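Some notes on the structure that comes next.
Read-outs throughout are calculated quantities, based only on the coordinates presented, and are distinct from any laboratory measurement. Quantities reported herein were computed from a predicted structural model and do not represent experimental measurements. For neighbour counting, all protein chains shown are included, and Cβ atoms are generated from backbone atoms with ideal geometry for every residue, glycine included.
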Amino acid sequence: MPEDEYVQVLKRALIGRWSGWGRGIYPTIDTFEYTEKLTFWDAKKPWLGVEQRTTRREDGSPLHSESGYLRFVGGTSVEMVMAHPFGSVETYTGEAIYDAGQIEIGLVCRSVLSTPTARQIGATERRITVSGEKLQYRFYMAIDELPLQLHLEAWLDRVEG
């Protein structure tokens with residue numbers, strides 16, 4: 001499939017508002033559940049805007065938010081930049097593979113820039129799977145002296161788009 005058409009297929013599969021729930025795990029915290037709203041919006045360029053907000057599942061109190069861009073840079077190659085309110089910005093490279101109606105996006109963090117007071121993140125990875133109106137993602141993190149391991153996973157449904 002031609003590259004422009006490939007990008008359009010990927011964009012159509014992602015654009016919209018997604019909502020669902022997830023869970024957070026890590027050796028240094030108690031496991032928790034959260035609700036999530038994730039939006040991919042079309043910038044009318046070869047990239048999508050990304051906004052994510054989570055709240056604690058049991059009481060709706062805010063947990064985390066992030067925003068950034070997912071860029072389509074040629075063939076199956078993608079790049080992502082995400083900014084966090086706790087003082088860090090991550091840059092990623094990876095691949096977006098479309099096969100049999102399903103998209104698999106794998107992103108490896110290439111750099112993290114943090115403010116002087118932000119907690120230092122060693123490494124992160126993101127895995128996103130889109131199949132029809134369902135999106136699942138896994139977020140892996142290494143922080144402090146701990147190795148890269150699963151931190152967040154969520155299951156979302158498209159609610160608009």
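Some values worked out for this structure:
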| read-out | value |
| --- | --- |
| Length-normalised contact order of the chain in % [C-alpha pairs under 8 Å, at least 6 apart] | 20 percent |
| For peptides 44-54, 23-33, sequence by mean Cβ density within 10 Å, most packed first | 44-54, 23-33 |
| About the Cα centre, charge dipole magnitude for the chain (Lys/Arg +1, Asp/Glu -1 at Cβ), debye | 280 debye |
| Listed candidates (i) 50, 31, 25; (ii) 46, 32, 25; (iii) 47, 34, 33 - label of the one calculated as Cα extents along the principal axes in Å | (ii) |
| Angle in degrees between helix 3-14 and the longest Cα principal axis of the chain, rounded to the nearest 10 | 50 degrees |
| Ellipsoid equivalent to the range 1-85 - semi-axes via the Cα gyration tensor, in Å | 30, 13, 11 |
| Selection from G60, G22, L150, by position along the positive dipole direction of the chain (Cβ) | G60 |
| Contact order relative to length of the range 78-155, as percent, for alpha carbon pairs under 8 angstrom and 6 or more apart | 21 percent |
| Listed residues L48, G106, M1: farthest to the positive end of the dipole of the chain (Cβ charges) | L48 |
| Table column - 3J(HN,Hα) (Hz), the range 102-115, Karplus curve with 6.51, -1.76, 1.60, x for Gly and Pro | 10, 10, 10, 10, x, 10, 10, 5, 9, 7, 10, 10, 10, 5 |
| For H151, distant residues with modelled amide H under 5 Å away | F139, Y140, M141 |
| Whole-Hz couplings from phi, Karplus 6.51/-1.76/1.60, listed for the range 83-91; x for Gly and Pro | 10, 10, x, 7, x, 10, 10, 10, 10 |
